[in-house]
Structure formats: C-alpha cells, structure tokens
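Written out below as structure tokens is the structure these notes cover.
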Amino acid sequence: MSMRLYDLAADDERIRFSPYCWRIKMALAHKGLAAQTVPWRFTDKQAIASTGQGKVPVLVDDDQWLHESWDIALYLDRAYPDRPRLIPEGAVGETRFIKHWSETSLHPALFRLIVADIHSILAPQDRDYFRTTREKMLGRRLEEASENREADRVRLHTALEPLRRAVSGQLFIAGEGPAFADYIPFGALQWTRCVTTYDLLAPDDPVSLWFERMLDLYDGLGRHAPRPLSQGQGVKV
Ligand SMILES: N[C@@H](CCC(=O)N[C@@H](CS)C(=O)NCC(=O)O)C(=O)O
C-alpha cells in the first residue's frame, strides 16, 4: 500500500506551500518512495487528530501515523535502509544544526516578507484562523509584518550567508549530491516560491543557482509545483 502525505494546500488545492511538507516530498523522492498527497487546510485538524497534534506534514505508512518532519526523515532512513540515506551515517548532528539554523534564522526572515501573500491564497475557511494566530505571533497586523521591505530583504540576505558560502564551493550542502541537509532550506525557499509572484533573490546569487539545481531534482518535482500567477489571476503550472 502506498504512503499518504497530508500536505498543506491553498484555496486552489494544487498550490502546496508548506516548507515542512516540501522537506518530506523531496525526502520521499530521494528515497524513491511513492506517496499519495492529501490536500490539507490549516483548519482540517480532525483529519490528523490521531497524531495528537495539529500540524503537517503527517505521513501515513501502513498503519503508522507519523508527524514532525525531522522525525519522519529519521523514520524513513530507519524503515527503508536499503534506499539512499537522507542523513548520511555520522551526519545527524550537522543536519540537525541546519534544521535549527533554517527554523531560527531563515524562516523568520522569510515569514515577515511573505505572510500577507500566504493569507491572500488561503481557502476561505482558513483565513480568520491564520490571521488570528499569525498576528498574535507577529504582534502586529499581517499587512504591517514587513513594514520596511528593504530592511527585511537585507535581513534575509544576511540570514542566507552560511548557505551562500557553502554552495559557492560545492554543488549541494551535503556535497556532490543532495541530502536532507539540502531539503531543509530548500523547503523554506520553495515555501516562498509557492506563495509569491516575485523573486526575493538576485538570479546570480549562489543561493539562487543552488535553488535552481534543487528545482531540477527528481524530474523537476519542485520546479513543476503550481504557484500563483499573479494576485487573483489563477495558478502557474
Ligand atoms: N516542527 C514541525 C512544524 C510543522 C508546521 O509548523 N507545519 C505548519 C504548516 S507549514 C502547520 O501545519 N501549521 C498548522 C497550524 O498553524 O495550525 C515539523 O517540522 O513538521
């Protein structure tokens, strides 16, 4: 039986934008495992209630319900040891460091810039929930989250510096080939790509060049992901 992945969706269910779900979609492709994705909205808590929490990704493998992207990656390496490893032997510590860097530096820098874009593509039933929870998190209105976009772009550029330096000298963070260490920040940038109609990075930035390589992986899994065409004008596929 193939696996099932609960995957955060916009009002147009073809748009799947969660940074954490992207980690797992890339991880499954890396391991050559097929999963049926189930579009999930922020307010669909009941559908994943058996995990005892309310966030995606949730992966169902046979009768096991798994959550937390980091734990899912560890599970996939444990349960499918004959497939390419997501986290090479001995690299758990370094990969965990990248997870923490991404979540504490990269995600907040991106979040302020894109939070209003996210709100604009949500399903109607998710909009109030998202506004209330995120405005509480930010301490201000969504529309004011990025009051000074130029300063926020500089903050993002600075947050990306370790990644920029790493991929200036090698193809992927993990070396010659990609691994979960790459899928973590890829998820963050793909989150942005799937909710916006504009670019946040210069095309010649080494981070952009690495991201382009990431978009090409697995027959363009990331590149072919639908994204908004322009506000209120459908979806680019
Ligand atoms: N630590 C979790 C974070 C997952 C997470 O925050 N998912 C978001 C979507 S990007 C979510 O489901 N949020 C539900 C909510 O805010 O109610 C992981 O790594 O899987």
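The values are calculated or read from the model by the stated rules, or taken from the named source; none is laboratory data. Since the model is a prediction, treat every value here as computed from it, not as a measurement. Cβ: placed from backbone, ideal geometry, glycine included. Neighbour counts: every protein chain shown. For the accessible areas, the whole protein counts, side chains as well, though only heavy atoms, and no ligand, DNA or RNA atoms are used. Shrake-Rupley method; radii C 1.70, N 1.55, O 1.52, S 1.80 Å.
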Within the stretch 168-192, how many residues are under 19 Å from the mean Cα position of the chain (by Cα) and either open to solvent by less than 20 Å² (accessible area, probe 1.4 Å) or among the aromatic types (Phe, Trp, Tyr) (or both)?
-> 15
Pick from the stretch 48-69, criterion in a helix (DSSP H, G or I) and among the hydrophobic types (A, V, I, L, M, F, W, C), ranking: farthest from the ligand (Cβ to nearest atom) | ALA49
Spans of helices (runs of 4 or more DSSP H) in the stretch 70-155 with at least 3 residues closer than 16 Å to GLY187 by Cβ and either within 12 Å of the ligand (Cβ to nearest atom) or in contact with a helix residue (DSSP H, G or I) (Cβ under 6 Å, 6 or more places away or on another chain) (or both) = 92-101, 107-121
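Matching residues to (1) at pLDDT 95 or above; (2) under 20 Å from ARG41 (Cβ atoms):
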| position | (1), (2) |
| --- | --- |
| ARG134 | yes, yes |
| MET137 | yes, yes |
| LEU229 | no, no |
| GLY234 | no, yes |
Reported set for the stretch 19-42 where residues are of a type outside the set (A, V, I, L, M, F, W, C) and in contact with a Phe, Trp or Tyr (Cβ under 7 Å, 6 or more places away or on another chain) is PRO19, ARG23, LYS31
Yes or no: ALA34 of a type in the set (Gly, Ala, Ser) and touching a helix residue (DSSP H, G or I) at 6+ places or on another chain (Cβ under 7 Å)?
-> no
Note on the stretch 193-223: residues hydrophobic (A, V, I, L, M, F, W, C), open to solvent by less than 20 Å² (accessible area, probe 1.4 Å) and closer than 18 Å to LYS31 by Cβ are MET214
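So, ARG112, is that one of a type in the set (Lys, Arg) and either surrounded by 12 or more Cβ atoms within 10 Å (Cβ to Cβ) or in contact with a Ser or Thr (Cβ under 7 Å, 6 or more places away or on another chain) (or both) or not? Before the answer, list the steps.
Details: of a type in the set (Lys, Arg): yes; either surrounded by 12 or more Cβ atoms within 10 Å (Cβ to Cβ) or in contact with a Ser or Thr (Cβ under 7 Å, 6 or more places away or on another chain) (or both): yes.
So ARG112 fits the description; yes.
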Using the structure shown, decide if GLU89 is at positive phi, without any contact (Cβ under 8 Å) to a residue 24 or more places away in the chain and open to solvent by 50 Å² or more (accessible area, probe 1.4 Å).
-> no
Inside the stretch 115-130, can you point out the residues that are open to solvent by 10 Å² or more (accessible area, probe 1.4 Å) and either within 16 Å of LEU8 (Cα to Cα) or in contact with an Asp or Glu (Cβ under 6 Å, 6 or more places away or on another chain) (or both)?
-> ALA116, ASP117, HIS119, SER120, ILE121, PRO124, GLN125, ARG127, TYR129
Just need a number here: residues in the stretch 1-30 that are aliphatic (A, V, I, L, M), part of a helix (DSSP H, G or I) and away from the ligand (no atom under 16 Å from the Cβ).
-> 1
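Please specify each residue of the stretch 57-66 satisfying the condition of being under 27 Å from GLU94 (Cβ atoms) and either out of contact with any helix residue (DSSP H, G or I) (no Cβ under 6 Å at 6 or more places or on another chain) or surrounded by fewer than 20 Cβ atoms within 10 Å (Cβ to Cβ) (or both).
Going residue by residue through the stretch 57-66, those that are under 27 Å from GLU94 (Cβ atoms) are 57-59, 61, 66.
Within the stretch 57-66, just ASP61 meets the criteria.
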Top-ranked residue of the stretch 31-42 - restricted to ones that are surrounded by 18 or more Cβ atoms within 10 Å (Cβ to Cβ) and under 27 Å from THR132 (Cα atoms), ranked as nearest to the ligand (Cβ to nearest atom) | PHE42
Identify, by number, the condition in (1) under 25 Å from ASP12 (Cα atoms); (2) not in a helix (DSSP H, G or I) that PHE186 doesn't meet.
-> (2)
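Kindly evaluate LYS45 against the criterion of being under 14 Å from LEU66 (Cα atoms), near the ligand (Cβ under 10 Å from one of its atoms) and surrounded by fewer than 20 Cβ atoms within 10 Å (Cβ to Cβ). Let's see the steps before the verdict.
Details: under 14 Å from LEU66 (Cα atoms): no; near the ligand (Cβ under 10 Å from one of its atoms): yes; surrounded by fewer than 20 Cβ atoms within 10 Å (Cβ to Cβ): yes.
Against the criterion (under 14 Å from LEU66 (Cα atoms), near the ligand (Cβ under 10 Å from one of its atoms) and surrounded by fewer than 20 Cβ atoms within 10 Å (Cβ to Cβ)), LYS45 does not qualify.
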